[in-house]
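Scroll down for the structure; my scribbles are underneath it.
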Amino acid sequence: MRTAPPVVFPKELFPAIHREKPRISVSALVVEAAALDVPGVYAKLATRAGGLTSAEATDRLARYGLNVLAKDHRPGLLKLLWRAVLNPLVVLLAVLASISFATGDARAGTMMLLMIALSVGLKLIQESKASNAAAKLKAMISVTATVLRDGAAVEIPVSRLAPGDVVQLAAGDMIPGDVRIVSAKDLFVIQGALTGESFPVEKSEVERNAGAGTPVSLTSIAYLGTSVESGSAMAVVIATGKDTYLGGMAESLQEPAEPTAFDRGISQFTWLMLRFMLVMVPLVFVINGLTKGGWGQAFFFALAVAVGLTPEMLPMIVTVCLSKGAVAMGRRKVIVKRLNAIQNLGAMDVLCTDKTGTLTMDRVILERHCDVMLRESDRVLSLAYVNSHFQTGLKNVLDRAVLAHTETHAHAFIPEYAKVDEIPFDFKRRVMSVVVRTPGGMDLLISKGAPEAIFPKCASFELDGQFLPMDHEHIENLKKEYERLSAEGFRVLAIASKEGPVRVVSGDATPYGKADECDLILNGYVAFLDPPKETATAAIKALRAHGVAVKVVTGDNDLVARKICTEVGLATEFVVLGDAVENMTDGELADAAENATLFARVSPSHKQRIIKALRSRKHTVGFMGDGINDAPALHAADVGISVDTAVDIAKESADMILLEKSLLVLDEGVMEGRKVFSNIIKYVRMGASSNFGNMFSVLGASIFVPFLPMLPVQILANNLLYDVGQTTIPTDSVDPERIAMPRQWDIRELTRFVVFIGPCSSIFDYTTYLVMLYVFHCWDTSTPAAAHSASLFQTGWFVESLLTQTLIIHVIRTNKIPFLQSRSSLPVLIMTLVIMVVGVAIPFTPIGGYLGFTELPGLYWPIVAATLVCYVVTTQLVKMWLLRMKWI
């Protein structure tokens with residue numbers, strides 16, 4: 001056996017050997033290989049028609065690694081734990097919990113540890129699932145491939161393929177890498193998972209789209225993750241593993257996701273509270289230390305204030321709100337994989353959606369069967385049905401669509417025909433013909449193919465029972481008719497036929513051949529389409545009515561996409577193609593994305609860029625898709641949505657999955673998400689405004705009250721009761737106006753609300769101070785009365801503070817007049833009453849004595865009742881003013 005000549009590794013293809021040059025992109029290498037002829041491809045890839053030798057393959061595997069997708073770099077448990085702990089609220093709670101335990105306050109410490117466990121636990125679960133998408137991609141590679149090694153065909157694991165290997169492809173095979181076709185016979189590849197196309201595409205060794213802007217449109221290249229629909233081929237492996245087109249997507253899925261609008265909002269609120277605390281706590285400590293003289297007591301008081309200012313219930317409130325939303329959506333057959341996605345769905349103002357399988361049924365149907373003037377024709381359908389029925393071999397999606405179309409009962413006449421011969425499809429002719437014996441004893445040749453391939457073979461056309469010549473004038477008019485179908489997004493095949501006498505052939509010769517495909521009669525056209533889902537139009541209309549702009553982002557061609565968009569009610573005046581996206585800067589793409597409703601012929605990386613461009617303009621973006629090509633965009637969106645029929649990688653990358661075909665479920669989910677957001681905002685508003693008001697109240701009391709305005713244990717008790725009172729917020733009803741349009745986290749709006757609503761509570765805290773000091777003589781700090789005065793003051797402020805904070809929930813929860821125009825849910829109302837009763841009763845109980853409280857005099861209660869009424873009215877008036885100013 002002759003030894004194969006040594007292989008020289010070209011720098012352009014194997015830069016890892018020649019480190020002085022940067023690694024060229026896979027896209028550039030693919031385009032370059034597509035532009036070469038077959039000998040040039042072999043030379044470029046340093047291989048030959050007989051494939052690599054075993055030694056060469058081993059050497060290349062050692063240099064470039066196994067043919068597997070993204071390596072499993074998933075972080076371990078400790079790293080995930082560290083990420084979850086690195087949160088300002090968690091760190092703050094941990095510090096305060098440690099101090100609480102060190103100072104003997106086990107109750108406060110335990111409560112804060114529970115909040116930490118809840119927050120960190122949820123983060124751990126979320127992070128541990130985040131990288132499973134790449135693992136799903138790895139599982140997509142078929143187990144073996146047929147490769148030429150040492151000049152012989154052998155079956156090897158796909159993971160052992162190397163650049164330069166020559167592989168054999170047949171119907172049903174998954175493409176084992178990014179490959180360059182070097183020979184093909186009737187090869188059709190299903191690449192809809194990468195491109196969104198509904199139909200199989202022709203591939204051959206001749207590149208017909210050399211100037212294509214996107215690599216997936218190259219006709220001589222097939223990609224890992226696609227599969228062979230029909231035909232056979234030989235191909236050279238260009239790229240393997242992470243260097244493939246699909247591998248690039250797997251790498252992008254392992255990148256940490258950018259913070260969503262929800263994450264950013266929670267972080268902003270947390271830092272706002274921390275800024276309040278950083279200002280408040282040191283001042284309280286210093287003022288009380290200087291004015292009261294007891295620095296130890298001042299420290300514990302400041303520590304209690306810090307705990308009171310900490311929004312420790314935020315993780316629990318958020319989690320319960322989101323969990324309630326997930327349960328509600330589960331009843332509507334929507335699986336919520338990531339709780340935060342519910343709020344993002346509610347805040348979503350732009351929904352980008354793939355076309356195939358999401359808006360459409362992902363099932364090609366025969367939509368039109370018409371004569372040459374595009375009028376419906378049962379005869380054309382009958383001819384197409386006979387052709388598809390008698391065609392041998394693997395029937396493609398178009399044949400299956402024809403055979404499924406039985407409304408005209410063309411199938412009932414099949415027994416009357418007998419097959420005589422078949423002229424198979426090939427790329428050169430782009431026509432397929434069958435010959436059948438008719439009941440009248442004649443031979444009928446029926447051809448189908450692309451109109452541009454059928455027209456030259458026709459001598460006449462049929463119209464209204466007459467046969468007219470295919471002269472130049474008629475041909476131009478006929479072309480305009482079928483081009484109308486193509487422009488409407490249909491995949492069009494022409495049907496032609498001719499009838500003749502029976503042929504008698506001796507021996508094994510076939511009676512008909514390619515030469516007989518001449519002097520045909522053009523009968524008409526069959527047109528195919530992947531139709532929109534029945535609920536798509538209604539869902540898009542509902543989303544638009546609720547303030548969500550819908551944009552279609554598809555890898556399919558713009559004609560098909562325009563057709564679907566028109567049918568579902570989307571405007572198509574401004575369409576952006578993938579070639580244009582490729583040449584845009586991020587800023588230009590963001591400008592285009594604001595105006596465009598349709599992006600067509602885009603690659604997976606283009607989809608990801610479009611999502612990021614929209615997010616850069618402060619939109620909360622959802623993406624809905626079901627294919628491999630949608631995974632990067634699903635990963636990049638604020639909320640990724642997939643459907644029940646999606647591939648595993650799309651489901652893994654999505655945040656929620658629709659289990660029903662009805663897309664109206666999506667609109668229902670948006671409404672549920674807005675309810676969740678509204679209830680979370682209620683807590684945020686209450687917590688922030690209460691804390692801001694307490695800053696002024698505590699600072700003022702610390703300055704002029706001669707004793708601690710409230711004991712540390714009393715502050716913690718007040719905080720505990722107030723927190724318990726808010727636990728029913730997730731069950732609260734929401735005003736319809738609050739969910740009519742998308743609402744996003746707006747820290748400026750929250751700040752305005754806090755700045756104006758917060759001091760309202762301080763006003764009535766100060767009136768309570770004055771009442772306690774002057775009406776009930778708590779100024780008296782003489783030795784016999786000092787303890788009683790301090791206890792009475794602290795009790796009076798404790799009760800007033802708890803009652804006002806609890807009651808004001810009903811004002812803050814709505815933009816309407818509370819109790820009259822908008823009522824809370826029953827659980828919220830009951831909890832309000834319970835907490836207020838506890839607050840009133842606690843000074844008269846043994847627990848009150850343990851906490852240092854004193855029974856309040858009878859005059860106190862009408863005064864505090866008047867205070868509550870005035871506080872509610874004042875806060876309502878300020879809120880209405882803010883609404884009129886459109887500041888909230």
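The values are calculated or read from the model by the stated rules, or taken from the named source; none is laboratory data. Every value quoted in this text rests on a predicted model; they were computed, and no experiment measured them. Ideal geometry is used to build each Cβ from the backbone, glycine not excepted, and the neighbour counts take in all protein chains shown. Please note that ligands, DNA and RNA were not included when accessible areas were found on the heavy atoms of the full protein model with its side chains. Shrake-Rupley method; radii C 1.70, N 1.55, O 1.52, S 1.80 Å.
For region 86-104, residues that are at pLDDT below 75 and open to solvent by 50 Å² or more (accessible area, probe 1.4 Å) total 4. Considering region 412-459, and only residues there that are of a type in the set (Gly, Ala, Ser) and open to solvent by 20 Å² or more (accessible area, probe 1.4 Å), the residue that is nearest to residue 524 (Cα to Cα) turns out to be 459. The residues of region 772-804 that are assigned to a helix (DSSP H, G or I) and open to solvent by 20 Å² or more (accessible area, probe 1.4 Å), listed by number, are 774, 775, 786, 787, 788. The residue pairs whose first member lies in region 576-590 and is modelled with pLDDT under 90, whose second member is part of a strand (DSSP E or B) and of a type outside the set (A, V, I, L, M), and whose beta carbons are closer than 8 Å, counting only pairs six or more residues apart or on different chains, are 578/599.
For the criterion of being at pLDDT 85 or above, buried (at least 24 other Cβ atoms within 10 Å of the Cβ) and closer than 30 Å to residue 851 by Cα, residue 702 passes. The C-beta contact set for region 194-209 (first residue closer than 16 Å to residue 169 by Cβ, second residue at pLDDT below 75, distance under 8 angstrom, 6+ apart or interchain) comprises 202/427; 204/427. Scanning region 544-556 for residues that are surrounded by fewer than 22 Cβ atoms within 10 Å (Cβ to Cβ) and out of contact with any strand residue (DSSP E or B) (no Cβ under 6 Å at 6 or more places or on another chain) yields 544, 545, 546, 547. For residues that are of a type in the set (Phe, Trp, Tyr) and within 15 Å of residue 886 (Cα to Cα), scanning just region 731-771, find the one that is most open to solvent (accessible area, probe 1.4 Å). Of everything passing the filter in region 731-771, 756 is most open to solvent (accessible area, probe 1.4 Å).
To keep it simple, each residue is scored yes or no on (1) open to solvent by less than 30 Å² (accessible area, probe 1.4 Å); (2) polar (S, T, N, Q); (3) over 20 Å from residue 773 (Cα atoms); (4) in a helix (DSSP H, G or I).
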site	(1), (2), (3), (4)
829	no, no, yes, yes
834	no, no, yes, yes
857	no, no, no, no
868	yes, no, no, yes
874	no, yes, yes, yes
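Could you please give the count of residues in region 222-241 that are more than 31 Å from the chain's Cα centre (by Cα), more than 18 Å from residue 171 (Cβ to Cβ) and modelled with pLDDT under 85? Selection size over region 222-241: 0.
The single condition among (1) crowded, with 19+ Cβ neighbours inside 10 Å; (2) modelled with pLDDT of 95 or more; (3) of a type in the set (Val, Ile, Thr) that residue 808 does not satisfy is (2). Among the residues examined, residue 354 qualifies as under 32 Å from the mean Cα position of the chain (by Cα), buried (at least 24 other Cβ atoms within 10 Å of the Cβ) and charged (D, E, K, R).
Considering region 474-511 alone, what residues qualify as being over 17 Å from residue 366 (Cα atoms), touching a Lys or Arg at 6+ places or on another chain (Cβ under 8 Å), in a loop (DSSP other than H, G, I, E, B) and modelled with pLDDT of 85 or more? 502, the sole residue that qualifies. When 128, 142 are checked against the criterion of being modelled with pLDDT under 80, open to solvent by 20 Å² or more (accessible area, probe 1.4 Å), in contact with a strand residue (DSSP E or B) (Cβ under 9 Å, 6 or more places away or on another chain) and small (Gly, Ala, Ser), a single residue qualifies: 142. Are any of the residues in region 690-699 within 16 Å of residue 768 (Cα to Cα), in a loop (DSSP other than H, G, I, E, B), open to solvent by 10 Å² or more (accessible area, probe 1.4 Å) and not basic (Lys, Arg)? No, the conditions are met nowhere in region 690-699.
Quick one: is residue 61 closer than 30 Å to residue 238 by Cβ, modelled with pLDDT of 70 or more, of a type outside the set (Ser, Thr, Tyr) and more than 40 Å from the chain's Cα centre (by Cα)? When the stated conditions are applied, residue 61 does not pass them.
Close contacts from region 609-634, counting a first residue that is over 20 Å from residue 225 (Cα atoms) and a second that is of a type in the set (S, T, N, Q) and assigned to a helix (DSSP H, G or I), with Cβ to Cβ under 7 Å and a gap of 6+ residues or different chains, come to 620/344. Report, by residue number, each residue of region 517-551 that is among the hydrophobic types (A, V, I, L, M, F, W, C), part of a loop (DSSP other than H, G, I, E, B) and out of contact with any Leu (no Cβ under 7 Å at 6 or more places or on another chain). Answer for region 517-551, where residues must be among the hydrophobic types (A, V, I, L, M, F, W, C), part of a loop (DSSP other than H, G, I, E, B) and out of contact with any Leu (no Cβ under 7 Å at 6 or more places or on another chain): just 518.
So that you can scan it fast, the table gives a plain yes or no per residue for (1) of a type in the set (A, V, I, L, M, F, W, C); (2) surrounded by fewer than 22 Cβ atoms within 10 Å (Cβ to Cβ); (3) in a helix (DSSP H, G or I); (4) without any contact (Cβ under 8 Å) to a residue 24 or more places away in the chain:
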position: 275; (1), (2), (3), (4): no, yes, yes, yes
position: 280; (1), (2), (3), (4): yes, no, yes, no
position: 286; (1), (2), (3), (4): yes, yes, yes, yes
position: 304; (1), (2), (3), (4): yes, no, yes, no
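Would you check which residues across region 775-828 are under 23 Å from residue 697 (Cβ atoms) and charged (D, E, K, R) and list them? Those that are under 23 Å from residue 697 (Cβ atoms) and charged (D, E, K, R): 780, 800, 813. Count of region 449-469 residues, restricted to those that are in contact (Cβ under 8 Å) with a residue 60 or more places away in the chain and either among the aliphatic types (A, V, I, L, M) or in a helix (DSSP H, G or I) (or both), is 6. The residues of region 807-827 that are touching a residue at least 24 places away in the same chain (Cβ under 8 Å), in a helix (DSSP H, G or I) and farther than 13 Å from residue 876 by Cα amount to a single one, 827. Among the residues of region 193-205, is there at least one that is of a type in the set (S, T, N, Q), open to solvent by 10 Å² or more (accessible area, probe 1.4 Å), modelled with pLDDT of 80 or more and in contact with an Asp or Glu (Cβ under 8 Å, 6 or more places away or on another chain)? No, every residue in region 193-205 fails to be of a type in the set (S, T, N, Q), open to solvent by 10 Å² or more (accessible area, probe 1.4 Å), modelled with pLDDT of 80 or more and in contact with an Asp or Glu (Cβ under 8 Å, 6 or more places away or on another chain). Screening residue 719 on (1) open to solvent by 50 Å² or more (accessible area, probe 1.4 Å); (2) touching a Gly at 6+ places or on another chain (Cβ under 6 Å); (3) part of a helix (DSSP H, G or I) shows it passes everything except condition (1). Here 491, 503, 484, 562 are screened, and the one residue that is of a type outside the set (Val, Ile, Thr), more than 24 Å from the chain's Cα centre (by Cα) and buried (at least 17 other Cβ atoms within 10 Å of the Cβ) is 491.
Scanning region 306-346 for residues that are in a helix (DSSP H, G or I) and surrounded by fewer than 18 Cβ atoms within 10 Å (Cβ to Cβ) returns 319, 323, 324, 327, 330, 331. Please verify whether residue 825 is farther than 26 Å from residue 714 by Cα, in contact with an Asp or Glu (Cβ under 6 Å, 6 or more places away or on another chain) and open to solvent by less than 30 Å² (accessible area, probe 1.4 Å), treating the condition exactly as stated. Yes, satisfied. The selection criterion, being over 22 Å from residue 270 (Cβ atoms) and open to solvent by less than 10 Å² (accessible area, probe 1.4 Å), holds for residue 650.
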